[in-house]
Amino acid sequence: MESFERINPVSGHRRHGIFHGPTETMAALSIIHGFGEHSGRYEHMMKALAEQGIASLAMDLEGHGRFADKKGVCRNYDILRADVDMSLAELGMRFPNVPQFLFGHSLGGGLVLNYGLQQSPDIKGFIVSAPLIVPADPISNGLRVLVRTLRRFMPGVTLSNPISGDKVSSIAAEREKYEKDPLNHGRLGVGLAQDMILGGEWVADNAEHWRAPLLLMHARADKLTSFAASEAFAHQAKNCTFLPMENCEHEMHNDVTRDAVYQSMIDFIKALL
């Protein structure tokens with residue numbers, strides 16, 4: 001596992017990233033992490049992929065990870081799209097001449113769907129895990145108004161949005177690992193909060209326009225992002241394989257379903273080569 005640093009051209013802030021590749025690479029995957037976490041939490045996934053000839057790269061998003069100037073703060077979605085652009089460019093530079101794939105989990109999953117719908121990158125296939133299209137708990141109109149008002153007059157304000165480990169995984173060790181990770185956080189900037197909501201709603205409204213090969217996975221019992229929203233997206237999208245996961249929580253790749261998730265990802269990638 002090797003690391004690198006880059007500067008986001010939109011925000012001007014530093015990024016920390018990691019990459020890992022096999023001796024012979026047949027495909028390369030860019031990993032976009034979820035809210036409140038960081039790229040380092042995907043090292044296990046990256047090692048498993050490398051064993052199958054798949055290189056991968058993960059980079060911290062704005063307001064997250066090692067160089068977060070203010071935890072959870074992101075002025076707008078354009079900064080996150082630039083993060084995805086940077087990640088894909090870095091992937092192509094380090095692992096040239098092989099098919100590129102894009103993976104996103106939770107916040108990263110919603111971002112990947114948004115990115116794939118609005119832009120036409122040269123991506124062979126998309127993999128999305130528990131995407132934030134709609135939160136599992138409905139957002140009240142009062143909260144929407146509060147966030148919109150705070151963003152207008154106090155854009156640097158953050159709200160407390162802690163995530164309990166029991167909503168992340170059914171495995172005690174994974175719950176403890178999540179809660180004790182010093183780079184994880186539970187602060188949500190009002191700009192990011194509003195753009196996550198609006199971005200997810202836009203994805204839901206435009207699902208019928210999806211055309212690229214897509215593997216969409218979601219735990220039925222997810223308490224953080226809506227399983228029903230993913231199911232609805234999959235039914236409307238073209239070229240989408242929907243994989244409901246049982247007996248697990250939000251982070252299917254860090255639960256009892258880990259092996260099944262990895263194998264599904266590997267099979268999906270290899271089938272497109």
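Listed here are the residues, each with its yes/no results for (1) under 22 Å from residue 167 (Cβ atoms); (2) polar (S, T, N, Q); (3) in contact with a helix residue (DSSP H, G or I) (Cβ under 8 Å, 6 or more places away or on another chain).
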residue: 57; (1), (2), (3): no, no, yes
residue: 75; (1), (2), (3): no, no, yes
residue: 84; (1), (2), (3): no, no, yes
residue: 89; (1), (2), (3): no, no, no
residue: 97; (1), (2), (3): no, yes, no
residue: 117; (1), (2), (3): no, no, yes
residue: 120; (1), (2), (3): no, yes, no
residue: 129; (1), (2), (3): yes, yes, yes
residue: 132; (1), (2), (3): yes, no, yes
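Selection of region 250-273 for residues being without any contact (Cβ under 8 Å) to a residue 24 or more places away in the chain and over 28 Å from residue 137 (Cα atoms) yields 259, 263, 267, 271. Of the residues making up region 187-209, those that are in contact with a Gly (Cβ under 6 Å, 6 or more places away or on another chain) and outside any helix (DSSP H, G or I) are 187, 188, 189.
Filter region 226-269 down to the residues that are assigned to a loop (DSSP other than H, G, I, E, B) and β-branched (Val, Ile, Thr) and list them by number. 256, 257, listed by residue number.
Here's a check for you: in region 211-225, which residue that is surrounded by fewer than 20 Cβ atoms within 10 Å (Cβ to Cβ) and of a type in the set (A, V, I, L, M) is farthest from residue 254 (Cα to Cα)? Checking each candidate, the answer is 212. Of all residues in region 30-56, those satisfying the criterion of being crowded, with 18+ Cβ neighbours inside 10 Å and of a type in the set (S, T, N, Q) are 30, 39, 56. Among the residues here, residue 141 does not qualify as more than 22 Å from residue 54 (Cα to Cα) and within 22 Å of the chain's Cα centre (by Cα). Cβ-Cβ contacts under 7 Å between residues 6 or more apart (or on different chains), taken from a first residue in region 210-225 that is in a loop (DSSP other than H, G, I, E, B) and modelled with pLDDT of 95 or more to a second residue that is surrounded by fewer than 20 Cβ atoms within 10 Å (Cβ to Cβ) and small (Gly, Ala, Ser), are listed as 222/136; 223/136; 224/136. Looking across region 75-120, just one residue is surrounded by 24 or more Cβ atoms within 10 Å (Cβ to Cβ) and in a loop (DSSP other than H, G, I, E, B), and that is 106.
The values are calculated or read from the model by the stated rules, or taken from the named source; none is laboratory data. Bear in mind the structure is a predicted one, so any value in this text is a computation, not a measurement. Quick reminder, even Gly has a Cβ in these numbers, built from the backbone with ideal geometry, and neighbours come from all protein chains shown.
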